[in-house]
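In what follows, a structure is listed as C-alpha cells, so that the remarks can point back to it.
The values are calculated or read from the model by the stated rules, or taken from the named source; none is laboratory data. Remember, predicted model here, so these are calculated numbers, not experimental data. Reconstructed Cβ throughout: ideal geometry from the backbone, glycine too, with neighbour counts over all protein chains shown.
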Amino acid sequence: MPKAQEFLDADQVIKASLNALGEAIDSIHSPLPPAFARAIQAERNLHLQIDAEFGLLTSTEAGLRMGSRSRTPRNLASSARLAGRLLAIVRGNSAYYPAFQFGSDGQPLLVVKQLRKLAQDSHWSERGVIEWLMSPTTYLNDQRPVDRLASDPKSVIEAAELAWNASW
C-alpha cells in the first residue's frame, strides 16, 4: 500500500475514534477528568494487545475449549470463573477470557486458581491480576508473568506473593 494511502487510512481511524470517544463522553452528561479517558484508553489498548497476542475468548468459546458438549458451553466457563479457575475481562454484560490461561489440553492452568486466591487474600481485583500478568516485573528479571504462566508457574506465584504484599 502506498504511503499516502496509509496516512489517509490512519486519518480515518483517528477521526472515527475521536467521534466515538466524543459521543461516549457526551453521553455521561457530566464533566470527565482527562485522566479518566486516558485510563480507559490504556485499558482498551491492553485488551487489544491481549487479543492480538493470545486471543480473547467469549464465554462460549472458552467453554468449548474446555471441552463442553452442552448446548450452552458458556456455562462451563462461567462456572469455572465463579470457582476461581479462570480470569475474565468484563465489558458490559459480557466476559472475555484471555487464552493465555488455558493449557494445551484446553483446561484452565492450575496456577490461575492459585493466583485468584492470592489476589483475593491480597485485595487485588481480577482486572488488576490480568494487568499485572501482562506487565514486566523486577520480581521476574523484567519479564512478564504471563510469559512464565505455563512453563514456570511456581515463579509466577512467588513473584505475585512478593509484589501483591509489598510493605513500604
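Quick one: would you say ILE28 is assigned to a helix (DSSP H, G or I), at negative phi and among the β-branched types (Val, Ile, Thr)?
Considered against the rule, which asks whether it is assigned to a helix (DSSP H, G or I), at negative phi and among the β-branched types (Val, Ile, Thr), ILE28 comes out as no.
Does the range 62-84 include one or more residues that are among the hydroxyl-bearing types (Ser, Thr, Tyr), assigned to a helix (DSSP H, G or I), modelled with pLDDT of 95 or more and in contact with a Pro (Cβ under 9 Å, 6 or more places away or on another chain)?
No; the residues of the range 62-84 include none that is among the hydroxyl-bearing types (Ser, Thr, Tyr), assigned to a helix (DSSP H, G or I), modelled with pLDDT of 95 or more and in contact with a Pro (Cβ under 9 Å, 6 or more places away or on another chain).
ARG69 - would you say it is surrounded by 16 or more Cβ atoms within 10 Å (Cβ to Cβ), of a type in the set (D, E, K, R) and more than 26 Å from ALA39 (Cα to Cα)?
So ARG69 does not fit the description; no.
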